[in-house]
Amino acid sequence: MPKCDTSTNKNLLSNTRFQRFAVDRLEDLIAKLLKGERDPEAARKSRERMDLMREATRRRVGTVEVAVDFIRELRDQRAYSFSTVLSP
């Protein structure tokens, strides 16, 4: 598998043939999931690719803790909306 390279990715994304291939592949995977079919080897490869991408992002930008802030914001909004609905 080739290394993740942004210039390569931009070229691939502008390639219509690649886009069609990616959409076809995604449709095949969704159809298999809807049928309940699993491919353990494909899942393992996907996890490896995701781990590599996550590590590359961590090295490039550091640890990003957006989830914590997002959850707090969502919780605060929900608490506000419940308090306004429940207040007499």
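The table below lists the values:
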read-out: Scan of the range 56-70 for residues that are in a helix (DSSP H, G or I) and more than 14 Å from the chain's Cα centre (by Cα), ordered by number; value: A56, R58, R59, R60, V61, V66, V68, D69, F70
read-out: Total residues in the range 34-54, condition more than 17 Å from the chain's Cα centre (by Cα) and assigned to a helix (DSSP H, G or I); value: 4
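Values quoted throughout were computed directly from the atomic coordinates according to the rules given, and no laboratory measurement underlies them. Since this is a predicted model, take the numbers as computed values, not measurements.
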